[in-house]
């Protein structure tokens with residue numbers, strides 16, 4: 001404990017950079033193909049849109065920026081994910097410092113790192129990962145604003161919430177949570193009558209206005225997509241089952257952190273009550289966003305996807321450290337368990353990629369031969385036409401792989417997702433007819449071609465014989481059958 005007293009901040013920065021480096025380098029070395037959400041985000045990012053049919057545009061913008069810096073290397077997209085999880089740990093540590101001493105803050109941060117959302121499930125850079133870090137930073141700013149009562153923290157809170165809304169619309173849960181705290185807590189209620197709160201709201205609205213205008217001009221397309229994909233309970237039992245299943249998944253995602261926490265917390269013994277208002281604030285930031293989501297599911301009957309819980313668990317270890325006594329004589333055991341958990345998650349990530357297909361499990365997206373498929377179709381197009389491949393038409397995964405891994409990096413193709421104007425409003429159909437395109441879809445075998453229904457709109461499409469590609473695994477696995485056709489340039 002004396003060592004932690006003297007070196008807690010150094011230990012935190014060591015953890016911060018280990019998280020950043022290990023979860024950038026290891027996935028880059030072991031996973032040869034980008035994840036699904038990354039490929040989809042890159043298909044959008046190529047166009048620098050103000051919005052997409054599924055999500056706000058921040059993920060796509062950041063991925064496109066990383067591509068300018070790192071090209072097709074995983075250092076770009078895996079580095080973004082690792083940076084998000086590392087900054088989440090930063091927010092947890094410095095939020096904890098507002099409530100407890102440095103050793104306890106480090107203990108809380110190490111427990112948070114062992115939540116699966118910050119290690120095994122953090123490598124796919126998507127809106128959930130972005131919401132996790134921006135929600136954590138907004139929570140830190142809100143907490144600091146209440147405790148330190150300085151305007152800069154209110155401004156930070158507003159900026160982080162607005163950036164979060166550019167990442168995922170459910171970031172609004174944080175804003176609702178903070179507002180409800182100001183209404184519910186007697187000591188905080190006078191803040192609602194001070195002008196700086198409304199100055200921050202005006203700033204948020206101004207920052208969000210470009211995307212809001214895009215939503216209005218596109219008939220709130222992402223919400224239409226969400227409604228089409230949502231599942232609503234058909235019975236009262238199912239209405240209860242959906243949130244219970246979601247909460248059970250969150251407990252499982254915290255399983256490693258709970259086991260490591262048992263080293264230092266058991267038997268549970270509450271700390272003496274110190275400051276009732278701070279206890280209420282910490283309990284609120286730890287649990288209120290998760291509770292709001294669950295109550296919303298109970299009221300609406302909407303099914304919750306397990307991964308939607310990613311942003312809402314980060315501060316529960318801070319609450320645990322503040323609420324329960326830590327057994328001082330077990331610090332060495334706790335640190336050893338935390339380090340072991342860190343290493344085990346890295347090992348599990350690598351083992352899953354290396355051995356899952358050999359053990360009979362379904363091949364992962366990371367085994368997809370995206371670069372090989374892209375080279376095949378790009379080379380074919382350039383030999384046939386002598387021009388760059390400008391358009392690829394297909395689902396976001398297949399067409400997105402061909403576009404991202406294109407060997408012609410100066411002329412990365414545009415992706416027309418499923419040939420739909422709704423999913424790809426930036427595509428000009430007339431330009432596609434002039435410059436031509438490759439059209440792709442996945443087949444079940446190589447014997448015959450069965451094009452999807454959306455291909456019928458392309459009357460000049462010439463169907464070709466399906467091609468076979470082998471996945472990049474250490475053992476034989478299911479091949480990839482690609483159906484394809486060509487729209488010749490006019």
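Residue count for segment 294-311 under the criterion of being assigned to a helix (DSSP H, G or I) and in contact with a helix residue (DSSP H, G or I) (Cβ under 6 Å, 6 or more places away or on another chain): the result is 8. The listed residues are 354, 389, and the only one of them that is at negative phi and buried (at least 16 other Cβ atoms within 10 Å of the Cβ) turns out to be 389.
Only one entry of 44, 23 meets the criterion of being within 28 Å of residue 228 (Cβ to Cβ), buried (at least 18 other Cβ atoms within 10 Å of the Cβ), under 17 Å from the mean Cα position of the chain (by Cα) and outside the structural domain of residue 400 (by TED's automatic domain parsing), and that entry is 44.
Yes/no per residue for (1) in a loop (DSSP other than H, G, I, E, B); (2) under 19 Å from residue 384 (Cβ atoms); (3) modelled with pLDDT of 95 or more:
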position	(1), (2), (3)
410	no, no, no
420	yes, no, no
423	yes, no, no
438	no, yes, yes
446	yes, no, no
450	yes, no, no
456	no, no, no
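Exactly one residue out of 193, 236, 220, 208 is in contact (Cβ under 8 Å) with a residue 12 or more places away in the chain and in the same structural domain as residue 311 (by TED's automatic domain parsing), and it is 208. In this entry, residue 344 passes the filter for residues that are at pLDDT 95 or above, within 27 Å of the chain's Cα centre (by Cα) and either outside the structural domain of residue 247 (by TED's automatic domain parsing) or farther than 30 Å from residue 283 by Cβ (or both).
The values are calculated or read from the model by the stated rules, or taken from the named source; none is laboratory data. Please read all numbers here as calculations on a predicted model, not as lab measurements. Please note: Cβ atoms are built from the backbone with ideal geometry, for glycine as well, and neighbour counts cover all protein chains shown.
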